[in-house]
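To keep things clear, I will list the structure first and then write my remarks on it.
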Amino acid sequence: MGGGRNGARLGAGRLMRPDRIAAGAVDMSGAASYRANLNMTSYSYNKASGDRPGTEPGPGAAPRRSQQRRERTRAALFAAGLEVFAARGFQDASVAAITETADLGVGTFYLHFPDKISLLQAMLAEGITQVRLEVGAATDPLPERGAFSVLVRALFRSAAERRTLFRVALAGGLPPGVAATAAQGAAPGVARVLRGAVDRGELSPAEVPLLVRLIAGTLNQAVLWLADDPSAGPDAVADATLRLLTGGLPRSLLDEGPGGRAVGPGADGG
């Protein structure tokens, strides 16, 4: 597979515009994680079978090595796809550019994916799954009350590690059904928190569907802000988001004027 050339190409970022690299607009931390996964699968072995370097392969070694090669190739395509999509945009990216960056043949690409859309969908599915696991690990042990702020912070920290992937996903121009958002990874946790509020009598069940959409929209836009601004830290974005969600907008912005009524916090005069 030409591992040395592959590492050099991915590390150099040869398809990226120098001005965007200098400005930090292209964060390749996601590609680095794919490459780390590639390296880990390269040296994995099954201790139980005795299939260690320098020893006779144990039973099932051939299928396992075939699976490991497949995982390494998939990780290389993910890393190269992220690099090319980030540098050129989805529409201008080509399978040829992705395979050249991965130092793989075009035919190898089509053994794994029928087209670049399928590659991006697989990348997004993996990213959302990782966000869901990380958010769940942070919030599942907690009671519903007080878990929402932990959820928001865990979501933004997880999304910050995948800035490039979610910027590609939220940038627009993707075919219908392909776009995905980091907030999808937090959806189970949001639903659990809202169900808890319903159980405590703090929310009406009828309010939940609208609240889910409003919260998801807010989180999605905050993730896009985080992805677009390399200087934005996940905790600062979480602070701003939580202030908005807990305090609402200033009353003056919601005052409908003479004859109307204010609907913001403190509208009842309290």
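The values are calculated or read from the model by the stated rules, or taken from the named source; none is laboratory data. It should be emphasised that the depicted structure is a prediction, and the values quoted were computed from it without experimental measurement. For neighbour counting, all protein chains shown are included, and Cβ atoms are generated from backbone atoms with ideal geometry for every residue, glycine included.
Of note:
- Out of Ala87, Ala169, Ala125, Ala137, sole residue that is under 30 Å from Ala240 (Cβ atoms) and touching a Ser or Thr at 6+ places or on another chain (Cβ under 7 Å): Ala169
- Contacts under 8 angstrom Cβ, first residue in the stretch 202-227 being in the same structural domain as Leu155 (by TED's automatic domain parsing) and in contact (Cβ under 8 Å) with a residue 40 or more places away in the chain, partner surrounded by fewer than 18 Cβ atoms within 10 Å (Cβ to Cβ) and outside any helix (DSSP H, G or I), 6 or more apart: Leu226/Ala232
- Meets criteria (out of contact with any Cys (no Cβ under 6 Å at 6 or more places or on another chain), more than 27 Å from Arg145 (Cβ to Cβ) and modelled with pLDDT under 85) for Ala216: no
- Filter pass, Ala179 being modelled with pLDDT under 90 and closer than 28 Å to Leu133 by Cβ: yes
- Scanning the stretch 90-99 turns up no residue that is touching a Leu at 6+ places or on another chain (Cβ under 9 Å), without any contact (Cβ under 8 Å) to a residue 40 or more places away in the chain and either within 18 Å of Thr241 (Cα to Cα) or assigned by TED's automatic domain parsing to the domain that holds Ala197 (or both).
- Among the residues here, Ala171 does not qualify as within 20 Å of Ala238 (Cα to Cα), more than 10 Å from the chain's Cα centre (by Cα) and either of a type in the set (Gly, Ala, Ser) or at pLDDT 90 or above (or both).
- Hey, Val198 in a helix (DSSP H, G or I), without any contact (Cβ under 8 Å) to a residue 24 or more places away in the chain and out of contact with any His (no Cβ under 7 Å at 6 or more places or on another chain) or not: yes
- Flag if Ala31 is at pLDDT 70 or above, within 28 Å of Pro176 (Cα to Cα) and either in contact with a helix residue (DSSP H, G or I) (Cβ under 8 Å, 6 or more places away or on another chain) or aromatic (Phe, Trp, Tyr) (or both): no
- Checking Glu134 against (1) within 17 Å of the chain's Cα centre (by Cα); (2) among the acidic types (Asp, Glu); (3) more than 29 Å from Ala154 (Cβ to Cβ), the condition it does not meet: (3)
- Single residue of the stretch 128-168 satisfying the filter (outside any helix (DSSP H, G or I) and in contact with a helix residue (DSSP H, G or I) (Cβ under 7 Å, 6 or more places away or on another chain)) that is modelled with the lowest pLDDT: Glu144
- Inter-residue pairs, beta-carbon under 7 Å, first surrounded by 17 or more Cβ atoms within 10 Å (Cβ to Cβ) and in the stretch 118-147, second at pLDDT 85 or above and among the aromatic types (Phe, Trp, Tyr), 6+ apart: Leu119/Phe113; Leu120/Phe85; Leu120/Phe90; Met123/Phe78
- Residue in the stretch 87-105 that is surrounded by fewer than 17 Cβ atoms within 10 Å (Cβ to Cβ), more than 14 Å from the chain's Cα centre (by Cα) and under 17 Å from Arg72 (Cβ atoms) present: yes
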